[in-house]
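Working notes, structure below.
Please treat every number below as a calculation from the coordinates, not as lab data. These numbers were taken from a predicted model, which means no experiment stands behind them. So basically every Cβ, Gly included, is an ideal-geometry build from the backbone, and we count neighbours across all protein chains shown.
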Amino acid sequence: MSSTSRSTSRTTSPGAAGSTRRSWRVVDIVVCAVVGVAAGVALWAFGLAYRPLAEALGFLAPLSAVLNGGFLFPALLGGLVVRRPGAALFAEVLAGLTSMLIGTEWGVPVLVWAVVQGLAAELGFAVLGYRRWGLPAALLSGACAGLAVGLMDTTFYYPAWEAGYKLLYVLFSIPSGILLAGLLAHLVVRALARTGALSGFASGRSGERV
């Protein structure tokens, strides 16, 4: 085998291809940052609406957890657009930082929640080896993030609640993460792909939306 053939073989090996898919390009960093900041503005607006919506659900306090998915959306969007390990965490933390700087009632703790939520979303993608990015992956990642925020909230915001209320809160939080974060982000990415806005990414190529 010639040296040129050996070089080509090494370049196109499965391991090399996997490494290329997981390495970050400059455009990945820039786009993930844009997604994080834009989602952070949306997150701030959602935070303004959260309180009256939660109060409307006050007839059963744990029911407010059905809104939690709105806080997880940036992580899912960043992960599904960029498709790189760490993208969900990066987008979620940047979104949390953006909403905090604009002004949110939760203050600095927003960043702590953002880190936990971003890591939980990463877990969903990591379970699938960062190789599957379609609807099942989005829903799994949303479920993981929903579980994480449910446990965080009941531990630090509602420690005095009885066990039954805490369990209900977590159980409501998981489907919220699945639908408001996972499913919604999946639909947004598909809509963006159809416009050609993601043509430079695997998420924008029709044959790779799996």
Among G150, G142, G118, which one shows the highest mean-square fluctuation when the chain is modelled as a Gaussian network with alpha-carbon springs under 10 Å? G150
Any idea what angle helix 135-156 forms with the longest principal axis of the chain, computed on alpha-carbon atoms, 0 to 90 degrees, nearest 10? 40
Angle in degrees between helix 109-127 and the longest Cα principal axis of the chain, rounded to the nearest 10: 50
For n ≥ 4 DSSP H runs only, could you compute -39500 (n - 2.57) per run for the chain, divide by its residues and tell me the 222 nm figure to the nearest 500? -23000 deg cm²/dmol
Set the Förster radius R0 to 45 Å, insert the Cβ-Cβ distance between L97 and F59 as r into 1/(1 + (r/R0)^6), and round the FRET efficiency to 0.05. 0.85
Which of L135, L67, V116, positive extreme of dipole for segment 43-202 (C-beta unit charges): L135
Surface/4 estimate of mean projected area, convex hull on alpha-carbon atoms of segment 26-201, nm²: 9.6
What length, rounded to one decimal in nm, is gained on full extension from R132 through to W106, with 0.36 nm per residue of separation minus their alpha-carbon distance? 6.0 nm
Contour minus end-to-end for T195 and L171, with contour as 0.36 nm per residue of separation and end-to-end as the Cα-Cα distance? 5.0 nm
Quick one: helix 26-56 against the long Cα principal axis of the chain, what's the angle to the nearest 10°, folded into 0 to 90? 20
